[in-house]
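All remarks here apply to the structure that follows.
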Amino acid sequence: MYGKFKDHLIREISNIKEAGLYKSERIIVSPQGAIIKLDTGQEVLNFCANNYLGLSNHPKLIEAAKEGLDTHGYGMSSVRFICGTTDLHKKLEKAIADFFGTEDSILYAACFDANGGVFEPLLTEEDAIISDSLNHASIIDGVRLCKAKRYRYPNADMNGLEEVLKQAQEQRFRVVVTDGVFSMDGNVAPVDKIVELAERYDALVLVDESHSAGVVGHTGRGVSEHFDIFGRIDMITGTLGKSFGGAIGGFTTGRKEIIEMLRQRSRPYLFSNSLPPMVVNAGIRMFEMMSETNELQDKLHANTKYFMEKMLAAGFDIKPAQSAICAVMLYDAKLSQDMASRLLDEGIYVIGFYYPVVPDGEARIRVQLSAAHEREHLDQAIEAFTKVGKELGVIK
Ligand SMILES: *Cc1c(COP(=O)(O)O)cnc(C)c1O
């Protein structure tokens with residue numbers, strides 16, 4: 001039997017390669033940080049991690065992880081409702097709710113699971129989910145698992161949203177769902193307006209803060225802080241795998257009864273293992289750090305502003321953004337790959353994205369800034385971009 005299937009896979013894989021969509025993986029032999037070492041021996045400046053606050057290799061989190069290991073062991077060997085809940089899990093859930101100004105939280109193995117498990121327990125075919133066209137794959141999958149009627153509006157388009165909200169008035173309940181920051185453009189969703197429309201058209205709001213939490217707002221409390229709309233977002237999903245230490249873990253936080261229902265019915269929560277104590281303890285320490293100081297946010301915001309201003313001054317076409325994502329527009333798929341490859345030669349690790357990851361004809365290099373970057377790292381990157389940009393005719 002496998003022979004025929006194997007031939008099929010080989011054909012499909014070669015199609016992926018021919019289409020130029022085959023993904024290969026670079027091998028890193030150092031911890032994640034501003035400077036990383038590859039298995040080729042090359043040391044490069046890393047501008048493509050979601051390590052926005054530079055916490056992925058932070059000594060305080062490593063210490064807290066070790067402490068969690070010592071006090072609570074390595075693994076939980078259980079789901080939460082059987083014997084997978086420790087005092088640490090409860091403490092982290094409280095810390096997340098305190099951080100976002102919400103009532104309660106529920107942990108998942110990843111935000112992919114939080115999004116996969118948030119719709120189906122809450123909504124039925126009588127209800128409606130209204131989703132931004134650029135929402136993350138995990139939201140799309142979560143929506144697929146739920147029988148609610150589906151509506152879509154163009155990215156961040158409030159007239160489009162109002163239109164579908166009107167269409168969805170027949171349904172019993174409506175939920176508008178959006179990413180807080182869209183990962184390819186770095187734009188912040190207009191959640192202030194979304195909340196207003198939702199209030200006018202009787203809908204709930206769910207924001208996935210994976211790329212916005214820790215980054216957006218003076219103290220990193222995400223879109224609620226950015227727009228000063230604390231308490232008006234019903235559900236927030238997020239990850240511990242980006243700004244918040246970069247290890248693993250996801251959560252939903254929001255209204256008390258919603259979280260209570262998810263604990264009863266959310267399948268990725270009920271049927272998947274509990275997060276390990278070391279990750280949870282490091283998460284607790286991380287939120288303590290967040291409440292003590294916002295110096296990491298200050299540094300990230302200063303780095304982002306500096307980088308964007310210098311790149312604009314050098315003549316690059318940069319998407320306007322209020323996050324730590326800087327899209328350097330090239331509009332040509334091959335150019336995006338050539339430029340990323342030349343930048344790597346210059347010691348700058350960035351990724352070029354093109355269709356279908358971004359719209360056709362909108363190829364770009366995405367630069368992700370971090371509080372781990374020092375001014376000299378930014379200057380080196382700007383210098384390399386300028387050199388390679390001139391070489392390839394992107395700038396004059
Ligand atoms: C990264 C990301 C996720 C997935 O988070 P994990 O915890 O890695 O599963 C979900 N939603 C959005 C918007 C993301 O950017």
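What to note about this one:
- Checking the stated criteria, Ile36 turns out not to satisfy the condition of being in a helix (DSSP H, G or I), open to solvent by less than 90 Å² (accessible area, probe 1.4 Å) and outside the structural domain of Gly283 (by TED's automatic domain parsing).
- Selected residue (only one of Asp157, Asp141, Asp113 is of a type in the set (Asp, Glu) and either touching a Ser or Thr at 6+ places or on another chain (Cβ under 7 Å) or touching a residue at least 60 places away in the same chain (Cβ under 8 Å) (or both)): Asp113
- Test result for Gly217, within 16 Å of the ligand (Cβ to nearest atom) and open to solvent by less than 30 Å² (accessible area, probe 1.4 Å): no
- Of all residues in the range 132-148, exactly one satisfies the criterion of being among the charged types (D, E, K, R) and either within 8 Å of the ligand (Cβ to nearest atom) or within 19 Å of Arg172 (Cβ to Cβ) (or both), namely Lys147.
- Here Ile236, Ile229 are screened, and the one residue that is over 21 Å from Leu53 (Cα atoms), among the aliphatic types (A, V, I, L, M) and open to solvent by less than 10 Å² (accessible area, probe 1.4 Å) is Ile229.
- Count of the range 270-292 residues, restricted to those that are within 14 Å of the ligand (Cβ to nearest atom) and in a helix (DSSP H, G or I), is 2.
- Subset of the range 280-315 [in contact with a strand residue (DSSP E or B) (Cβ under 7 Å, 6 or more places away or on another chain) and open to solvent by less than 10 Å² (accessible area, probe 1.4 Å)]: Phe307, Met311
- Scanning the range 245-258 for residues that are among the hydrophobic types (A, V, I, L, M, F, W, C) and either touching a Lys or Arg at 6+ places or on another chain (Cβ under 7 Å) or open to solvent by less than 10 Å² (accessible area, probe 1.4 Å) (or both) yields one hit, Phe251.
Residue-by-condition table, conditions (1) crowded, with 21+ Cβ neighbours inside 10 Å; (2) closer than 20 Å to Ala247 by Cβ; (3) hydroxyl-bearing (Ser, Thr, Tyr); (4) within 12 Å of the ligand (Cβ to nearest atom):
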| position | (1), (2), (3), (4) |
| --- | --- |
| Ile96 | yes, yes, no, no |
| Phe100 | yes, yes, no, no |
| Ser105 | yes, yes, yes, no |
| Tyr108 | yes, yes, yes, yes |
| Cys111 | yes, yes, no, yes |
| Gly116 | yes, yes, no, yes |
| Ile130 | yes, no, no, no |
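The values are calculated or read from the model by the stated rules, or taken from the named source; none is laboratory data. The shown structure was predicted, so the numbers you read here are calculated from the model rather than taken from an experiment. Here the Cβ is made from the backbone with ideal geometry for all residues, glycine too, and neighbour counts use every protein chain on show. Calculation scope for accessible area: heavy atoms of the full protein, side chains included, ligands and nucleic acids excluded. Shrake-Rupley method; radii C 1.70, N 1.55, O 1.52, S 1.80 Å.
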